[in-house]
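Participant: One structure, as structure tokens, below. Some questions next.
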């Protein structure tokens, strides 16, 4: 851990934690400006750190490789534009970096770093609103990214899967803890874990959630189900009705077979009428979210 700041100082130090002895030892500091909200990932036996924000309102674009065998840093190809509060992760042997803020603009782009070639390549951008302070992790050769701040003090809980083989994104179950920014996220085996962060400005969170890939239960077993949901007519031609007795607020989303968000609407009273005339014929996943509860089902449109 390291490369961070306090209210008055920016740091470039690096520390190693030994799991067997449960001890910390200081290592060679990053030979560059102290910073915070930078990036970090590992590939093979090396660690990688860079970007971030430092004093004098400077957004950094540098990237460094750390060799623990030599306790030594080496500078690599720069990202190309100064940025902070980005998402970073490793998928396979490559690093991936995206989203973030440069002092004036938010981003939804995504980049691959190849350590062997010491090169950056832009890949498909996140097909959602630009953001910073998002979170991510990787599981079984796929990357997962979501949540974050999309405008001043406006947070989101959407979540997305990136497949490097097809260079494509698909929507997955939203983060079960609600709209959030600045979460901590990592994976263990075939599960993802995420929590903490801000739910609203100044509202620090300490909850913790587990994600199972390709499930419809969302991130977290604490994400309860909504009973009594009915959808009719199904199949639908011009419209269908979503009946949700006892649930008067929330959102409903439809995703097509590729995982693309096709429609989103707010719930109305205890019945919501969804206009299906603009939907292409096919099968859609319907997701209803109300607070910390959800319902997932399937609808046929254009039949």
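Every number in this text was worked out from the coordinates using simple rules, so none of it is lab data. All values reported here derive from a predicted model rather than from experimental measurement. As a convention, Cβ positions derive from the backbone with ideal geometry for all residues, glycine included, and neighbour counts pool all protein chains shown.
Participant: Highest first, please rank the peptides 48-54, 159-165, 141-147 by the mean number of other Cβ atoms sitting within 10 Å of their residues.
Facilitator: Descending packing order for the listed peptides: 48-54, 141-147, 159-165.
Participant: Which of 16, 65, 210 moves the most in a Gaussian network model of the chain with Cα springs under 10 Å?
Facilitator: 16
Participant: Sticking with this one: Based on the alpha carbon coordinates of the chain, what radius of gyration and maximum Cα-Cα distance (Dmax) apply, in Å?
Facilitator: 21.2, 66
Participant: Can you tell which of 135, 182, 12 shows the greatest fluctuation in a Gaussian network model of the chain with Cα springs below 10 Å?
Facilitator: 12
Participant: Alpha carbon centre of the range 134-189 versus the range 47-101: separation in Å?
Facilitator: 19 Å
Participant: Would you mind computing Rg(Cα) / (2.2 N^0.38 Å) for the range 124-201, counting N as its residues?
Facilitator: Its radius of gyration relative to the 2.2 N^0.38 Å reference: 1.05.
Participant: Please compute the length gained on full extension between residue 78 and residue 205, using 0.36 nm multiplied by the number of residues separating them and subtracting their Cα-Cα distance.
Facilitator: Taking residue 78 through residue 205 to full extension adds about 42.3 nm, to one decimal.
Participant: Another question, if that's okay. By count of other Cβ within 10 Å, fewest leading, how are 112, 131 ordered?
Facilitator: 112, 131
Participant: Calculate the spin-label point distance for residue 26 paired with residue 298, positioning each point 7 Å from the Cα along the beta-carbon direction, and give it in nanometres.
Facilitator: 6.0 nm
Participant: Still on this structure, I have one more. Indicate the gyration tensor shape class of the range 10-155 (rounded, prolate or oblate), computed on the Cα atoms with a ≥ b ≥ c the square roots of the eigenvalues: a/c under 1.5 is rounded; otherwise a/b larger than b/c is prolate and the rest oblate.
Facilitator: prolate
Participant: Which one, 77, 262, 152, has the greatest fluctuation when you compute a Gaussian network model over the chain with C-alpha springs under 10 angstrom?
Facilitator: 152
Participant: A further question follows. Could you check the spin-label model distance between residue 15 and residue 114? Points 7 Å from the Cα along Cα→Cβ, value in nm.
Facilitator: Result for the modelled spin labels: 3.7 nm.
Participant: Ranked highest first by the average count of other Cβ atoms within 10 Å around their residues, in what order do 90-99, 190-199, 270-279 fall?
Facilitator: For the peptides 90-99, 190-199, 270-279, the packing ranking is 90-99, 190-199, 270-279.
Participant: Given the Cα-Cα distance of residue 265 and residue 104 and 0.36 nm per residue of separation, how much length would full extension add, in nm?
Facilitator: Extra length from residue 265 to residue 104 when fully extended: 54.9 nm.
Participant: May I ask you to sort 239, 244 by Cβ crowding, counting other Cβ atoms within 10 Å and putting the fewest first?
Facilitator: Sorted ascending by nearby Cβ count, the order is 239, 244.
Participant: Working from the alpha-carbon coordinates of the range 1-81, get Rg over Rh, Rh being the Kirkwood radius.
Facilitator: Dividing the radius of gyration by the Kirkwood radius yields 0.98.
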